[in-house]
Amino acid sequence: MAKVIKVEIDREKCIGCGIAPSLCPEVFHLIEDGKNAIVELYRVENNPAVGKIPYSDELEECVRQAAEACPVAAIKVEIVDE
């Protein structure tokens, strides 16, 4: 089994401050409504709030830093086996 980084954004909580995209642009960006979204490459079923990313230490660190920096705790990160 391969490990993946599962990321979920609570877009109801998101205030669109831009911290996550500035810390981890490989995974996050702001979309038309001004809120965080997962970049299309990593989206699950084209859902901007849910992503699965092939595991790497660098991407895990990047995503976790963004989640920890989120002022409203709108980003959830989990490592899962697939």
So for the stretch 17-61, using the alpha carbon gyration tensor with a ≥ b ≥ c as root eigenvalues (a/c under 1.5 gives rounded; past that, a/b versus b/c decides prolate or oblate), I'd call it oblate
With every protein chain kept in place and a 1.4 Å probe, the chain has an accessible area per residue in Å² of 58 Å²
Note to self, the chain gives a 222 nm [θ] from helices alone (DSSP H runs n ≥ 4, -39500 (n - 2.57) apiece, / all residues, nearest 500) of -6000 deg cm²/dmol
Heavy-atom accessible area of the chain with neighbours in place, 1.4 angstrom probe: carbon+sulfur share in percent works out to 49 percent
Of the stretch 22-39, those with amide N under 17 Å from the point 7 Å along the Cα→Cβ vector of Ala69 are 22-31, 35-39
Mean-square fluctuation maximum in Gaussian network of the chain, Cα pairs under 10 Å, restricted to Val72, Val63, Val50, hits Val72
If one builds a Gaussian network model of the chain from Cα atoms under 10 Å apart, the most fluctuating residue listed among Ala66, Ala20, Ala49 is Ala49
Close lysine pairs (the chain; alpha-carbon distance under 17 Å; 8 or more apart or on separate chains) counted at 8
In the list [x] 130; [y] 113; [z] 79, the entry giving volume of the Cα convex hull per residue in Å³ computed from the coordinates is [z]
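The values are calculated or read from the model by the stated rules, or taken from the named source; none is laboratory data. This one's a predicted model, so the numbers in the text were calculated from it and none came from an experiment. Note that each Cβ is placed from the backbone with ideal geometry, even for glycine, and that neighbours are counted across all protein chains shown. For accessibility, only protein heavy atoms count, side chains too; no ligands or nucleic acids. Shrake-Rupley method; radii C 1.70, N 1.55, O 1.52, S 1.80 Å.
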